[in-house]
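The values are calculated or read from the model by the stated rules, or taken from the named source; none is laboratory data. This one's a predicted model, so the numbers in the text were calculated from it and none came from an experiment. Here the Cβ positions follow ideal geometry from the backbone for every residue, glycine too, while neighbour counts run over all protein chains shown. Only protein heavy atoms, including side chains, enter the accessible area calculation; ligands, DNA and RNA are left aside. Shrake-Rupley method; radii C 1.70, N 1.55, O 1.52, S 1.80 Å.
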Amino acid sequence: MDIEAEIRELQLDSAEDNNGVINPEVADTEDVEMTDKVEEGKKDDGKSQVGDAEALDEMETEKKRHLNVVFIGHVDAGKSTTGGQILFLSGQVDDRTIQKYEKEAKDKSRESWYMAYIMDTNEEERVKGKTVEVGRAHFETETTRFTILDAPGHKSYVPNMISGAAQADIGVLVISARKGEFETGYERGGQTREHVQLAKTLGVAKLLVVVNKMDDPTVNWSKERYDEIESKMIPFLKSSGYNVKKDVQFLPISGLLGSNMKTRLDKNICPWWNGPCLFEALDSVQVPLRDPKGPFRMPILDKFKDMGTVVMGKVESGSVREGDSLLVMPNKAQVKVLAVYCDENKVRCAGPGENLRVRLSGIEEEDILSGFVLSSVVKPIPAITEFTAQLQILELLENAIFTAGYKAVLHIHSVVEECEIVELLQQIDPKTKKPMKKKVLFVKNGAVVVCRVQVNNSICVEKFSDFPQLGRFTLRTEGKTVAVGKVTDLPSSSSA
């Protein structure tokens, strides 16, 4: 009897084993399919052998779309804390690190700052509690890989914020609901207004407006306060050029406690909110498609030496792969791509929208300035010293007149260059959008004008109609954004 039972058990066991064996076979067929795909890929590329692992890697990365999110808003609205909390909730930071930061913040008697320390890494930022440089970090949700750009809110660091927003696809505008804080950020001179206008001109098409600090004793998740902020922001967002119904979404959160970020709000805390949480809202954002087959364009944000010259930037159009020959414009230096890194990982090729580090040969690090553009040899980006632009004057300095001879600092993608308005060509009627007949000599705040702009050194720009990302710019003087505009025409000789 026992023996029979044992035999039966053995049979069952072996049956299970067989089942187990079937699985690897299934896996094998998958592998075969994968290798087939790789084989096809090889035929296309005419490249050397590529391992399965890399192909798998590439398949992985292509499944998830990649978005750059910039956190903007007035100083102390809670941008770094919200960014830190996102990283913590998506498992990018472990508990031990958080405990270390908590202790560090306590030592500085700033207990509520510990989440911000995840984003604000250098000592100066931690002591003051203000972000200075644009912090970067990565996190993923089910469908999307995100790069967080934590921009500084303080007005002295707006140029840094501009370089952060220039790389972003969507913006998260953080507003503090605490009594008095929303008002200071929003009134004239507050950074909330300036940041929104800059974000729009720099091409941040979609905006999530998160009303932070809802847990504050002065707010206590009050619907009245949330509605008041929303009703004040909507007309302003409209005037900045956002389509509020399509491109803007409001939601309440608490960055410090992490409420309504990864999971929806508990009805006990906030009975009136039925909308999505922050992660869901970020996931559902639709962004414009870029052209992976277009001419290659990557404005250079930064460069350093590391076994060759390495440049950093965001691909605005086209794709790049190892072994490509490219041009560094405007000095027309021919370079070869030795390696491409995306978020610390080495990749074979990368498409538009990715933040990359590219190792080049054929150029010295000191011959590159930020603002130069890595571009394709066949269709290089135009390098010019003068262009025609349509400008909207936002707010001139006291008793300044905007006429020919006006000097300002031009920010366009990663270029920062002094410029001069050479000639005002025509003023455009804001109502009819048509040029006015009379000749313009000067314009005031709020005017839209077509003018010729000249810069001292040659810079790389594109027409707004061809490449919106490389044809939008802002003009600033003495630390204030004076005008925003787009490049409408380039001199004909330069496009050769």
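Just to be sure before I move on: is residue 335 modelled with pLDDT of 90 or more, in contact with a Ser or Thr (Cβ under 8 Å, 6 or more places away or on another chain), more than 18 Å from residue 472 (Cα to Cα) and not in a loop (DSSP other than H, G, I, E, B) in the structure I sent? Considered against the rule, which asks whether it is modelled with pLDDT of 90 or more, in contact with a Ser or Thr (Cβ under 8 Å, 6 or more places away or on another chain), more than 18 Å from residue 472 (Cα to Cα) and not in a loop (DSSP other than H, G, I, E, B), residue 335 comes out as yes.
Condition first: closer than 20 Å to residue 326 by Cβ, modelled with pLDDT of 90 or more and out of contact with any Lys or Arg (no Cβ under 6 Å at 6 or more places or on another chain). Can you find one or more residues in segment 412-422 that meet it? Taking every residue of segment 412-422 in turn, none turns out to be closer than 20 Å to residue 326 by Cβ, modelled with pLDDT of 90 or more and out of contact with any Lys or Arg (no Cβ under 6 Å at 6 or more places or on another chain). Just so you know, in segment 387-408 the residues that are open to solvent by less than 50 Å² (accessible area, probe 1.4 Å) and closer than 21 Å to residue 460 by Cα include one that is modelled with the lowest pLDDT, and it is 391.
Hey, could you check segment 445-496 for residues that are small (Gly, Ala, Ser), touching a Lys or Arg at 6+ places or on another chain (Cβ under 9 Å) and open to solvent by less than 50 Å² (accessible area, probe 1.4 Å) and say which is modelled with the lowest pLDDT? The selected residue is 479.
Among residues of segment 353-375 that are among the acidic types (Asp, Glu), those with a Cβ under 6 angstrom from a residue that is surrounded by fewer than 19 Cβ atoms within 10 Å (Cβ to Cβ), sequence gap 6+ or separate chain, pair up as 365/305. Quick check, is residue 442 surrounded by fewer than 18 Cβ atoms within 10 Å (Cβ to Cβ), at pLDDT below 90 and aromatic (Phe, Trp, Tyr)? Yes: the conditions hold for residue 442.
Take the conditions (1) open to solvent by 10 Å² or more (accessible area, probe 1.4 Å); (2) under 25 Å from residue 193 (Cα atoms); residue 261 misses just one of them, which is (1).
Across segment 284-315, the qualifying residues are those that are of a type in the set (A, V, I, L, M) and more than 17 Å from residue 339 (Cα to Cα), and the one among them that is surrounded by the most Cβ atoms within 10 Å (Cβ to Cβ) is 301.
Listed here are the residues, each with its yes/no results for (1) out of contact with any strand residue (DSSP E or B) (no Cβ under 6 Å at 6 or more places or on another chain); (2) hydroxyl-bearing (Ser, Thr, Tyr); (3) in contact (Cβ under 8 Å) with a residue 12 or more places away in the chain; (4) farther than 24 Å from residue 78 by Cα.
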| position | (1), (2), (3), (4) |
| --- | --- |
| 225 | yes, no, yes, no |
| 241 | yes, no, yes, yes |
| 246 | yes, no, no, yes |
| 253 | no, no, yes, no |
| 261 | yes, no, yes, no |
| 272 | yes, no, yes, no |
| 284 | yes, yes, no, no |
| 302 | no, no, yes, yes |
| 314 | no, no, yes, yes |
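Inside segment 202-218, residues that are within 18 Å of residue 268 (Cβ to Cβ) and open to solvent by less than 10 Å² (accessible area, probe 1.4 Å) make up a count of 1.
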